[in-house]
1. Considering the dipole of the stretch B:16-59 built from charges on the beta carbon (Lys and Arg +1, Asp and Glu -1) around the Cα centre, which of B:ALA51, B:LEU25, B:ILE40 is farthest to its positive end?
2. What are the nm distances, shortest first, from A:GLU329 to its equivalents in the other copies, labels at 7 Å along Cα→Cβ?
3. Can you tell which of A:THR302, A:THR255, A:THR15 shows the greatest fluctuation in a Gaussian network model of chain A with Cα springs below 10 Å?
4. Report, in degrees rounded to the nearest 10, the 0 to 90 angle that the Cα long axis of helix A:237-248 makes with the longest principal axis of chain A.
5. Taking a ≥ b ≥ c as the square roots of the Cα gyration tensor eigenvalues, with a/c under 1.5 meaning rounded and otherwise prolate when a/b beats b/c, else oblate, which class fits the stretch A:24-182?
6. Considering only DSSP beta bridges where both residues belong to chain B, give the percentage that are antiparallel (nearest 5).
7. What translational D, rounded to a whole number of µm²/s, comes out for chain A from Stokes-Einstein when the hydrodynamic radius is the Kirkwood one over Cα pairs, at 4 °C and 1.567 mPa s?
8. Take the Cα pairs of the stretch B:68-159, get the Kirkwood Rh, then feed it into Stokes-Einstein at 25 °C and 0.890 mPa s and tell me D in µm²/s.
Number of protein chains: 2
Amino acid sequence: MAIAQHKPALKRRVTINDLADELGLAKGTISRALNGYPDISASTRVRVTKAAERMGYQPLAQAQAIRTGLARSLGLVLNAGPGNTHKPFLTDFLDGISRAVSKENWSLTVATAMDEADEVATMARLVNERKVDGFILPRTKVVDPRIDLLRERHVPFVLYGRTGDPTDCAWFDIAGEAAIRDAVMRLHGLGHRRIGFINGASVYNYAPLRLQGYKEGLAKSDLPFDPALTRSEAITVGQGERKGGELLQLQNPPTAIVCALDLAALGVYRAAQMRGLDVGHDLSVVSYDGIPEAATASPPLTTFAVDTRAAGSRLASLLFARIRGAAPEGLRETVSAHLIARGSDGPAPTKPTGGFETPSNKNQPKGENT
Amino acid sequence: MAIAQHKPALKRRVTINDLADELGLAKGTISRALNGYPDISASTRVRVTKAAERMGYQPLAQAQAIRTGLARSLGLVLNAGPGNTHKPFLTDFLDGISRAVSKENWSLTVATAMDEADEVATMARLVNERKVDGFILPRTKVVDPRIDLLRERHVPFVLYGRTGDPTDCAWFDIAGEAAIRDAVMRLHGLGHRRIGFINGASVYNYAPLRLQGYKEGLAKSDLPFDPALTRSEAITVGQGERKGGELLQLQNPPTAIVCALDLAALGVYRAAQMRGLDVGHDLSVVSYDGIPEAATASPPLTTFAVDTRAAGSRLASLLFARIRGAAPEGLRETVSAHLIARGSDGPAPTKPTGGFETPSNKNQPKGENT
DNA sequence: CTTCTTGCCGAAACCGGTTTCGGAACCGAG
DNA sequence: CTCGGTTCCGAAACCGGTTTCGGCAAGAAG
C-alpha cells in the first residue's frame, strides 16, 4: 500500500465539467439532460442522471442563480421590535418551513427588523441582493406596507394571515373568526348569557375577523351584542389582566370571557384570582392559540389550538407554487383551529358572578384534547 | 413633461459592466478598485467608488461566490426535535445574529433538524451546496458530533457554549458555573445551610460546569457537598417539579434550591406549593436563564439572566473573524450572567422547613433588577 | 436517389463577478 | 539617449453553471 496522499478531506466538489469529461459529452448537454430539456434522447438522459447520482453531483445553487436569477432560497423577516418578543411558536414555525424547503433543496434566509419600516427596508435589501426568491409574511396587518413593496416589485410572496386588499395575494390562514364564533356558542351551550370578548391588536388582520366571529357567535346564540363587554389591544399577560379586570368590575359582569389570545387569557386568570373568582367555575374562559403554557396553567386553559408547524410547511409550499408561476388566486387556504377542551370553562354560575354562591359542580363535562 | 415610459419598477440591477461603461474602464479594473487591490491609483479608486455609490451598485453576492467560494451567509441549524420546542430566547438570539450579519451585508441561513444525526446531515448539505460559509452552533454538548464534522471539513464555526475538546474551537459562552457559585454563596449569606441543586441535561456542556460551580459555592461557604441534595436532567417545568418534590420530601430537606434552569425552578414552585411551602420564605429558590415568565411568576423569580441578543451578536462577530482567518484560540469569550434579585429567595427559615413556623419577615432585603 | 424534416448534440456565448498576466506609460539613473 | 524599474490599467481567462444556435446524421417524403 502506498502512503496515502494527503489532503484527502479537501475533496473538490464534482462539477458539471467533471461529468462532461467522464461521459464524453459537452457540458451544455449535461445541463440540458439534467434540466429536462426535450432535445435530449432518453438514453443519454438516463446515462447522465445515473452518472450524476453515482458521482454525487449537485449543481451549485449560486452558479445557477447568476444565470437563472433564482437563488433557491425563501425569505422570512421577523419583527423583533419591543413587544414582539414572545413568540412561543417560532421554533415550530421555522421547522415547518425548513422541512418543506429542505425537501426541495432550497434554503431559508431569515432576518430580523425592529419595526415596520425596517421590515420593508430589510426585505428590499434581500431582493436587491437577490438573496431570496420570495417571502413568507407572518402577522399580516389590515394595511400592510410589506405587501405594497412586494406587489410593486413583483416579488412572489405568501401571507400567513389575510389582509385588507387581497389583490395579488396568496395566503394561508387559520379561521380564527370561526374558532371565536364556536367559543361563544360553546359557552352559550354551557348556559352563559353574558359573554365578554377581549381582542388582540387591531392593526393585525385577525382582530376585526375575530370580533366578527364573536358577533356571529352571539347572533347564532340569540344573544345581543353589548359593546361594553368587549375590549381589544390585549396581546400580553399584563394587558389581558387589565382588560379582564375592566370587564369583571362592571356592575353586571360577564360570566364568561372569550380571548383572542392565550396570553391575554392568562392575564384574565390573574384578574379573576385577584377578585377571588375561581376560573372554570365562577368565570369561564375560552381562548385561542394553544401556547404550551395554556396546558400547565391552573386550571388548564380551554383553547383553540393552531398547528404552527403545519402552517409553516403549507406556507412554504404555496410560496414555491407562486414562485413557479401559479396565480395567487389559486393559492389561498384557510383551515380551522381545533378545540382543546380543558378546565377553564364550565357551566354558568347560578348566581350572577360575585361573592358567595353554592359550590356548584366543579366542571367536568369536557373532552380532553379533542 | 413626457408621458412616463412604463415598466419603471422593473429597474435592472446595475452591474459591474454598467459601471465600466460609464467610466470607460475595464470591468476588471472596477473590481480591483472596489476590492482594494494595490495596483489601482488613488484617483481612479475614488472615481470608481463615487460612481458606484451614485449609481447604487452592489455586487451580486452569488456571482462573487462562484469565484471566491464565499456565499456571504452564516448558517444556523436548530434542533426542533421533541423536547426542544421551548426556546423563549430564539427571537432575541436570531435578532442578535441578524443585526451583526446585516451590518456586513451578509445573510443568515437557518435550517432545522429533528435530532443529532439530522443536524449533522443538514449541516453537511449546507456546506456541500456552499450555501453557508460558517456555522453558529447553539447548545453545545460535551461531545458534539457537529464539531467533529466541521473540524474535519475545515469549515469555520463558533460555539455558543464550550465543549469537551476545545481543539480548533472558537466560542462565546456565559459563565454559568460562576452564576451558580454566586447563587449558592448568596443563599449562604442569607443563612441557608442546606442548599440543594437541580441541574439540567448532562449531555450539554453547561451541566457539569454548573455542578462544579455549585460545589465551588459550597466550598467557599464552608458547606459540605451532599450528593443527596443534587438532582439533574430537569429541563422542563414537569421535570423540575418532580426533582424538586424529591428534594423536598427528604427527611432533612434543603431550605434553598438552586436551579440550573428557570423552567425547572418554576417546577420547584409547584412542588413547594403542593406541600404548602411559601416560596421566598419557607423555601428559597435561585435560578438561571432569565426567561420572561420568571418575572411574572409569583413570587417573581430571582435568577441570573443572560443577554441572548448580545450573545447572538458576539457569536456572529466571532464567526466573521474566524471566516476571515483568525485563529480560533484568540476567539474565545466568556461573559457573566447578571443577577436579577427578586422575591423567590430570602432569609433561611428559623425552623427546619416543615409545617408551621413563625411568620417571619416576608423577605424584602433585595435589590430590584440589579 | 435527392430533398426535407426531425432528433440529437457540440460549440460558444452568456450571467456577473474575480484574478492573472502582460504591456504601455512614466520615472529616474547612467 | 538608453535602460531597468514602477505604476497603473486593459485584455482575457476563469468560476460553474444555463441557454442559444447551428449542424450532422438518420429517417421520411417525393
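Quick note: the coordinates plus some simple rules give every number you see, no bench work behind them. This structure is a prediction, so every number in the text was calculated from the model and none was measured. Methodologically, a virtual Cβ is constructed for each residue, glycine included, from the backbone with ideal geometry; neighbour enumeration extends over all protein chains shown.
1. Final value for the positive-end residue is B:ILE40.
2. Ordered by increasing distance: 6.8 nm.
3. A:THR15
4. That works out to roughly 30 degrees.
5. Because a/c hits 1.5 or more and a/b exceeds b/c, the stretch A:24-182 counts as prolate.
6. The antiparallel fraction comes to roughly 10 percent.
7. Using the Kirkwood radius from Cα pairs, D works out to 55 µm²/s.
8. 180
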